[in-house]
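K.L.:
First the structure, then my questions, so here it is.
Here, each number is a calculation from the coordinates, and none is a lab measurement. Only a predicted model underlies this, so the values are computations on that prediction, with no experimental measurement involved. Every residue, glycine among them, receives a Cβ derived from its backbone with ideal geometry; neighbour counts consider all protein chains shown.
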Amino acid sequence: MPLPTVLEGRLSLPVIGAPMFMVSSPDLVIAQCKAGIVGSFPALNARPTELLDRWLKRIEAELAAFAEANPDSRVAPYAVNQIVHSSNARLAEDMRVCERRRPPIVITSLRPPDEVVACVHGWGGIVLHDVISVRHAEKALQAGVDGLILVAAGAGGHAGALSPFALLQEVRAFYDGPIALSGAIATGGAVFAALAAGADLAYVGTRFIAAAEADADPRYKQMLIDSAAVDIVYSSLFTGVAGNYLRPSIAAAGFDPDALSVGDKGRMDLGSAAKAWRDIWGAGQGVGAIHDIAPVEQIVAKMVTEFRARRDHVAHMTAKI
């Protein structure tokens with residue numbers, strides 16, 4: 001399927017770096033865009049609210065300067081993530097900041113983003129919406145979004161329960177627009193598999209938590225290296241919305257990973273000293289592919305090599321059929 005115009009000719013790899021709460025910062029976003037993948041961050045990471053304007057200004061300025069100094073490089077656009085939920089008291093103000101700065105892409109999460117879509121389209125940007133089910137996809141399209149991000153089973157953070165292949169094929173039955181697919185995608189080979197299955201882009205988060213530029217606790221990064229898929233626990237306790245978390249961080253926060261109760265979706269927090277994201281760390285099932293902490297440029301370069309190798313292998317194998 002055709003990519004949105006804002007992405008055409010600007011990617012070294014068809015990847016969006018997922019916005020990660022308390023992890024994605026301007027340093028990470030800028031490094032991702034310079035490496036040729038979309039970098040993104042949650043607006044809520046900029047604290048206090050006044051910091052959001054400075055973050056956007058810095059990202060714009062540094063990417064523009066880099067593009068001017070490196071005219072042959074593919075410099076990807078950046079994205080801001082907005083949480084469309086009653087718990088986000090900052091949404092209206094953060095959108096006013098975005099309206100002034102005009103980020104090219106806004107990624108929305110949770111509820112259908114009707115009011116956000118109108119605002120973003122007003123400045124010429126596009127909206128990509130996170131969905132975990134066919135019903136959510138249909139509602140997002142009714143709201144006028146420009147593309148869907150399918151957050152499937154195995155993805156880090158707030159993920160769905162459907163297989164990436166199942167969710168993708170059901171959405172493709174009625175939607176032929178831009179789709180980014182997530183769910184345990186941590187290598188260039190997995191990015192190629194997402195495209196082969198019918199997606200246009202891969203949505204990659206967990207691998208970039210272990211990036212040198214990520215604003216994550218060093219213990220968090222090391223836990224990713226030490227973990228495998230078996231260490232991922234799917235629970236709604238911590239925010240009220242089901243998500244994937246690292247088992248050792250759950251245990252360290254004083255919870256039994258094998259006896260977690262159901263969370264209160266209306267609260268979006270634990271109501272205790274332990275906090276999701278700060279103390280209880282999200283990660284996807286692709287964590288077993290993470291073996292080091294490296295700069296974004298190196299991570300993306302490796303993924304590009306893996307992507308091309310898998311593409312060439314499939315071309316060789318299918319030539320025999």
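K.L.:
Taking only the C-alpha atoms, wrap a convex hull around the range 1-99 and report its volume per residue in Å³ as a whole number.
P.N.:
Expressed per residue, the convex hull around the Cα atoms of the range 1-99 is 107 Å³.
K.L.:
Just to be sure I understand the model, the point goes 7 Å from the Cα along the line to the Cβ. What's the resulting ILE321 to ARG101 distance in nm?
P.N.:
Spacing of the two 7 Å Cα→Cβ label points: 4.5 nm.
K.L.:
Okay, helix-only estimate at 222 nm for the chain: each DSSP H run of n ≥ 4 adds -39500 (n - 2.57), divide by all residues, round to 500 deg cm²/dmol; what do you get?
P.N.:
Numbers: 11 runs with 118 residues, N = 321.
Result for the chain: -11000 deg cm²/dmol, rounded to the nearest 500.
K.L.:
Can you give me the long-range amide H partners of ILE290? Hydrogens built in the peptide plane at 1.01 Å from N, cutoff under 5 Å, separation of 5 or more residues or another chain.
P.N.:
Amide H to amide H, under 5 Å and 5 or more residues apart or across chains, ILE290 pairs with nothing.
K.L.:
Given GLY154, ALA259, ALA61, which one lies farthest toward the positive end of the charge dipole of the chain, if we put +1 on the Cβ of every Lys and Arg and -1 on the Cβ of every Asp and Glu?
P.N.:
Projecting each Cα onto the dipole axis, the largest value belongs to GLY154.
K.L.:
With r defined as the distance between the Cβ atoms of VAL6 and ALA259 and R0 fixed at 45 Å, what FRET efficiency is calculated, to the nearest 0.05?
P.N.:
Working from the Cβ atoms, E equals 0.45.
K.L.:
Then there's this: Among 140-147, 287-294, 180-187, how do they line up by average Cβ neighbours within 10 Å per residue, starting with the highest?
P.N.:
Most protected by this proxy first, the peptides run 180-187, 140-147, 287-294.
K.L.:
Hand me the tally of lysine pairs in the chain: alpha carbons under 21 angstrom apart, and the pair either on different chains or 8 or more positions apart.
P.N.:
So the count works out to 6.
K.L.:
Could you please state, rounded to a whole Å, how far the C-alpha centre of the range 179-211 is from the C-alpha centre of the range 286-321?
P.N.:
Using only Cα atoms to place each centre, the spacing works out to 11 Å.
K.L.:
Rounded to the nearest Å, what's the spacing between the alpha carbon centres of the range 151-178 and the range 32-80? Just the number, please.
P.N.:
27
K.L.:
Ok, one more. Want the number for LYS57 to ARG219: 0.36 nm per residue separation, take away the alpha-carbon distance, what's left?
P.N.:
Residue separation times 0.36 nm, minus the Cα-Cα distance, leaves 55.3 nm.
K.L.:
Moving on. Scanning the chain for GluC sites (Glu not before Pro) in DSSP loops with at most 10 other Cβ atoms within 10 Å, what's the longest stretch left with none?
P.N.:
Details: sites that count: GLU8, GLU50.
Excluding the exposed sites themselves, the longest stretch runs over 51-321.
K.L.:
Moving to a separate point now. Tell me which of ASN70, LEU52, GLY39 sits at the most positive position along the dipole axis of the range 1-116, charges placed on C-beta atoms (Lys, Arg +1; Asp, Glu -1).
P.N.:
The one lying farthest along the dipole's positive direction is LEU52.
K.L.:
Under unit Cβ charges (Lys, Arg +1; Asp, Glu -1), what dipole magnitude, rounded to 20 debye, does the range 5-216 have relative to its Cα centre?
P.N.:
So the dipole magnitude of the range 5-216 works out to roughly 200 debye.
K.L.:
To the nearest 0.05, how large is the calculated FRET efficiency for ASP72 and ARG172 if R₀ is 41 Å and r is the Cβ-Cβ distance?
P.N.:
Efficiency, from the Cβ-Cβ distance: 0.70.
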